[in-house]
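These notes are about the structure you will find just below.
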Amino acid sequence: MTTAPALPRLFAADGPGLADHQRHYGPLPEVAGPELISSLERAGLSGRGGAGFPTARKFAAITGPKPVVIGNGAEGEPLSRKDAVLLTRAPHLVLDGLDAAADAVKADKVYLYLHAKAMPAAAKALDERCAAGLDRHAVSLVEAPDNFVAGEESAAIRHVEGGPALPRDRTVIAAVSGVRGRPTLVNNVETLAHIGLLARYGPDWFRSVGDEADPGSMLVTLPGALADTGVTEVATGASLTGLIAQSGGTDL
């Protein structure tokens, strides 16, 4: 049995390749949908894309036929690059979470929606998984435009459908009617990476660091006038002064 990593959790492997990933984290176990949703709820995992919505509730809301799953790595926020760094440094953790999510809701289609900078790393990781026979689901890569609103949930859905990456007026949630009217689960890529770890190590391990009300770790981008800038992983609830003091992280 693999040993659960302390911080950093997401950047713990020696490199981005499949061999390094499996050597450090081991294989992704197959977890039944209800079991995974229960684990997400007990872990208290909230979305890492900005809104902080409870992840288990998103999964539980998918009940219709032929669901679609989208991993959202568009990241249009100015100066933020955590998702692009994650997809470049640990693409297999993201893809593990995407596989687990697709299994849990019995997805018919799976997409990874990402910034152009992260496209080569994601494509290489998918090729590695295909060659190793680990591609549980056919994942379609969709390049996100480089603008602020492209990562908004309805904009991501619209662009996956072939339209402009612009938000649309909605009266029905994506879990009921998203991509071409199908129930659609959209999760940020960092959320998916945490799911890849949760499926291995469980909710008690996940809650062993971070704030009690919103546990776990998270990636933050440290830009600007600091000794070292970059993307670093911290426990939730970390103070701003503490972040600045430990400035220095992983970058593209």
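The values are calculated or read from the model by the stated rules, or taken from the named source; none is laboratory data. In this text, all values refer to a predicted model and were calculated from it rather than measured experimentally. With ligands, DNA and RNA removed, areas are computed over all heavy atoms of the protein, side chains included. Shrake-Rupley method; radii C 1.70, N 1.55, O 1.52, S 1.80 Å.
Segment 100-179 to segment 1-54: how many Å between their Cα centroids?
A separation of 19 Å, based on Cα centres.
How much of residue 170 can a 1.4 Å solvent probe reach, expressed as accessible area in Å² and rounded to 10?
Estimated to the nearest 10 Å², residue 170 gives 110 Å².
Mind grabbing the accessible area of residue 94 for me, 1.4 Å probe, Å², rounded to tens?
It works out to around 0 Å².
Solvent-accessible area of residue 177, probe 1.4 Å, all protein chains present, reported in Å² to the nearest ten, please.
Counting only protein heavy atoms, residue 177 exposes about 50 Å² to solvent.
Mind grabbing the base-10 log of I(q)/I(0) for the chain at q = 0.12, 0.17 Å⁻¹? Debye formula, identical points on the C-alpha positions, no solvent, two decimal places.
-0.64, -1.38
Once you sort the root eigenvalues of the Cα gyration tensor of segment 67-157 as a ≥ b ≥ c, which label holds: rounded (a/c under 1.5), prolate (a/b larger than b/c) or oblate (the other case)?
oblate
Could you sort 79, 98 by their accessible area in this structure, using a 1.4 Å probe and putting the largest first?
Largest to smallest exposure gives the sequence 79, 98.
Rounded if a/c is under 1.5, else prolate if a/b beats b/c, else oblate: with a ≥ b ≥ c from the C-alpha gyration tensor eigenvalues square-rooted, which is segment 120-216?
oblate
Calculated from DSSP H runs of 4 or more alone, at -39500 (n - 2.57) each and per residue, what is the 222 nm mean residue ellipticity of the chain, nearest 500?
Result for the chain, helices only: -11000 deg cm²/dmol.
Protein chains only, probe 1.4 Å: how do 124, 106 rank by accessible area, largest first?
The ordering from most to least exposed comes out as 106, 124.
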